[in-house]
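Take a look at the structure below.
The values are calculated or read from the model by the stated rules, or taken from the named source; none is laboratory data. On a predicted model such as this, the values are computed, not experimentally measured, just so you know. Heads up, the Cβs are rebuilt from the backbone with ideal geometry, glycines too, and the neighbour counts pull from every protein chain shown. Only protein heavy atoms, including side chains, enter the accessible area calculation; ligands, DNA and RNA are left aside. Shrake-Rupley method; radii C 1.70, N 1.55, O 1.52, S 1.80 Å.
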Protein chains: 2
Amino acid sequence: MSELRQDRTTGAWVIVAPERGRRPRQRSAAAPAPDRAPEPEPPCPFCPGNEHLLPGIVEEVSAADPPGWCVRVVPNKYPALRPELAPQPLHAPFHTALEGYGVHEVVIESPRHRADLDSLSDPEISAVVGAYHRRSLMLMRKPGIEAVLLFRNNGRSAGASLRHPHAQLVALPLVPPRLRAMTDWARQRHRESGRCVTCEELDIERADGRRLVEESAHFLLLVPFAATVPFEMWLAPKRHQAGFAEAEAEELADLGVLLRRALARLKAALGDPPYNFVIESPGKGEEGAADQHWRLRIAPDTVIPGGFELGAGIPINPSKPEDDAAALRAAG
Amino acid sequence: MSELRQDRTTGAWVIVAPERGRRPRQRSAAAPAPDRAPEPEPPCPFCPGNEHLLPGIVEEVSAADPPGWCVRVVPNKYPALRPELAPQPLHAPFHTALEGYGVHEVVIESPRHRADLDSLSDPEISAVVGAYHRRSLMLMRKPGIEAVLLFRNNGRSAGASLRHPHAQLVALPLVPPRLRAMTDWARQRHRESGRCVTCEELDIERADGRRLVEESAHFLLLVPFAATVPFEMWLAPKRHQAGFAEAEAEELADLGVLLRRALARLKAALGDPPYNFVIESPGKGEEGAADQHWRLRIAPDTVIPGGFELGAGIPINPSKPEDDAAALRAAG
């Protein structure tokens, strides 16, 4: 059973999920991953024909070609949170904790084991982004859910336990502290200036140009001014929209193509680095808010954080955002 | 030149330090560390006889045996922040940034290249902890410094670029957001209950016992209720004291011995895992505060974080704190 526990001395939350310890490819305590020989690949549960290894199928997007689907959504076999648990208090009165209520799903992005997101066709990537959007909406509507996080881990050192292309969604019974802090910050800035701080930032970046990588019909692709890691990129909608749920069909199709181009640039510039991406969208109740503005954030995993980052919560980026943006523009 | 940049859309800070890109052993973008063959060791700048590779020596603790010192403090050759820079604003009016003013030092904990902290004698570990304490105090007194972070990275996947035993200190021109949030949280809890929340927590943990690992004359060693990673441990002073600077000589000697025992337990339980530790102590002006309480936090690096942690700021711990504490007690 998993639990959401709060540290009473700091207010920080953690998910304690002992079942996750049985995942393949977790960094072993006894022999850390970086020094370990590659393991043989077990049969891939995401490949067509291995459906018996899946805990179920939530939905799929059908395709004309075999195996008859291009995108599949399945429950995570090692969920961090579980829908059958109740969001009820535990460990009272001394400590604050909740049973690990929530939903953890996987979006299988292609039937092809070695497909990369940047190799998908326009209709394929559109189906992928459409599934991200649809499942985000569906999960946000579930009772007791306050926020949905969509993310993708690519490469073992970025936390991926399976190579087969996939993203994940976690629906949470609380707004995670990082999203909450972002929401509060943007609200405060809006109170001061009367403008959405992200709309303002996109205007500044478009005018400045040094950190801009590419502009599509509906999105800007840029390296943020305070990038936390080398080659961090944001895809942000040019039209003001608070949450990812508000993106419309035409914008989603545009997002898919720009995301594919962003990942292709990353590969051309850095040679297929491990990376995470995450859609940063505010929690429930912020739909249509004038002061919130979602983004998709790509964070290549090329720097090893240490005790400084752990203690300070300030990343050290050994690369200049302006230089990274120039390299990404040239890699187009 | 390094910069402290603030993200105007989130309020988060980052240190942009291009010089750090020239460090040895950074995870390479083109070929991520986990799949790379081990490199040959270059001459170690921390070993006796290689002083020409050091940028200088700040202080040393002398010893009767050759090479005549047991602990040395030196400037970091690849500093995240630099004392010769001014904490002046950059990039105005659109963005908020400061020149990367600060100090970045290294505590070389032994002249022996392969010594582990848990193999040091009582006087040796006492000299190490004494140097941590003395340098923390000295750096906090420098003009323009608001907080000092002492941390240790052990093992390549925990961010260590050199094997020779060492810790680091970074003195910052601002209180890092994580420390600021902890300070504010503890202040608010103190307002509500009239007690130091950490003193209260230590009472609860001592009475409960399930997460307690060991108690010394002056410290508790425990696995925190909301441990963020498997086998996380805190060493917290039993006597109320706001900052690490307030620890007295007898307490420091006790801390050294308990720290050595904690690391030995970790090694016995997990087989020498990579880890970080950090002293979490409030910023300038909190000396003697009734509502603050420092700790030393040890975080083994056995779990690979992914996009969920990046986006949510909520760690997923695949291990139960109570089970980890039992294993650590048994490993004594």
Exercise. Going through segment A:150-167 one residue at a time, which ones are open to solvent by 10 Å² or more (accessible area, probe 1.4 Å), at the interface with chain B (Cβ under 7 Å from one of its Cβ atoms) and assigned to a strand (DSSP E or B)?
Worked result: A:N153
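The rows are residues; the columns are (1) under 14 Å from the mean Cα position of the chain (by Cα); (2) away from chain B (no Cβ under 14 Å).
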{"residue": "A:H104", "(1), (2)": "yes, no"}
{"residue": "A:D116", "(1), (2)": "no, yes"}
{"residue": "A:M140", "(1), (2)": "no, yes"}
{"residue": "A:E146", "(1), (2)": "no, no"}
For this session: Inspect segment A:145-160 for any residue being closer than 18 Å to A:L252 by Cβ and among the hydroxyl-bearing types (S, T, Y) and give the result as yes or no.
Result: no
Seminar exercise, completed: When segment B:69-89 is checked residue by residue, the ones that are open to solvent by 30 Å² or more (accessible area, probe 1.4 Å) and more than 20 Å from B:M138 (Cα to Cα) are B:Y78, B:Q88, B:P89
For this session: Could you tell me which numbered condition B:V213 fails, if it satisfies all but one of (1) β-branched (V, I, T); (2) within 14 Å of another protein chain (Cβ to nearest Cβ); (3) open to solvent by less than 20 Å² (accessible area, probe 1.4 Å)?
Result: (2)
Exercise. Out of all the residues in segment B:184-197, which are closer than 16 Å to B:G288 by Cα, surrounded by fewer than 21 Cβ atoms within 10 Å (Cβ to Cβ) and within 21 Å of the chain's Cα centre (by Cα)?
Worked result: B:D184
Problem set entry | Residues (more than 30 Å from A:L172 (Cα to Cα), within 21 Å of the chain's Cα centre (by Cα) and open to solvent by 10 Å² or more (accessible area, probe 1.4 Å)) located in segment B:293-327 | B:H293
Exercise. Only one residue in A:A80, A:A86 is more than 30 Å from A:A63 (Cα to Cα), assigned to a loop (DSSP other than H, G, I, E, B), away from chain B (no Cβ under 14 Å) and touching a strand residue (DSSP E or B) at 6+ places or on another chain (Cβ under 7 Å), so which one is that?
Worked result: A:A86
Exercise. Can B:G283 be described as within 12 Å of another protein chain (Cβ to nearest Cβ), small (G, A, S), open to solvent by less than 10 Å² (accessible area, probe 1.4 Å) and touching a Leu at 6+ places or on another chain (Cβ under 9 Å)?
Worked result: yes
Exercise. Does B:I108 count as open to solvent by 20 Å² or more (accessible area, probe 1.4 Å) and either of a type in the set (V, I, T) or within 14 Å of B:M1 (Cβ to Cβ) (or both)?
Worked result: no
Exercise. Which condition number does B:L258 fail, the rest of (1) in contact (Cβ under 8 Å) with a residue 40 or more places away in the chain; (2) in contact with a His (Cβ under 7 Å, 6 or more places away or on another chain); (3) more than 12 Å from every other protein chain (Cβ to nearest Cβ) being met?
Worked result: (2)
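Let's see how each residue does on (1) within 24 Å of A:E51 (Cβ to Cβ); (2) hydroxyl-bearing (S, T, Y); (3) modelled with pLDDT of 95 or more:
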position: A:E84; (1), (2), (3): yes, no, no
position: A:P93; (1), (2), (3): no, no, no
position: A:Y101; (1), (2), (3): no, yes, no
position: A:I108; (1), (2), (3): yes, no, yes
position: A:R112; (1), (2), (3): yes, no, yes
position: A:D118; (1), (2), (3): no, no, no
position: A:D122; (1), (2), (3): no, no, yes
position: A:Y132; (1), (2), (3): yes, yes, yes
position: A:M138; (1), (2), (3): yes, no, yes
Problem set entry | Residue count, segment A:255-295 (criterion: of a type in the set (D, E) and out of contact with any Gly (no Cβ under 7 Å at 6 or more places or on another chain)) | 2
Problem set entry | B:L98 open to solvent by 10 Å² or more (accessible area, probe 1.4 Å) and part of a strand (DSSP E or B) | yes
Problem set entry | Residue list for segment B:257-280, filter: charged (D, E, K, R) and either more than 19 Å from the chain's Cα centre (by Cα) or crowded, with 19+ Cβ neighbours inside 10 Å (or both) | B:R260, B:R265, B:E280
Exercise. Inside segment B:305-332, can you point out the residues that are at the interface with another protein chain (Cβ under 7 Å from one of its Cβ atoms), free of Cβ contacts under 8 Å to residues at least 40 places away in the same chain and within 25 Å of A:R180 (Cβ to Cβ)?
Worked result: B:P305, B:G306, B:G307, B:F308, B:L310, B:G311, B:A312, B:G313, B:I314, B:I316
Exercise. In segment A:199-210, which residues are part of a helix (DSSP H, G or I) and either in contact with a Lys or Arg (Cβ under 7 Å, 6 or more places away or on another chain) or open to solvent by 50 Å² or more (accessible area, probe 1.4 Å) (or both)?
Worked result: A:E201, A:L202, A:D203, A:E205, A:R206, A:A207, A:D208
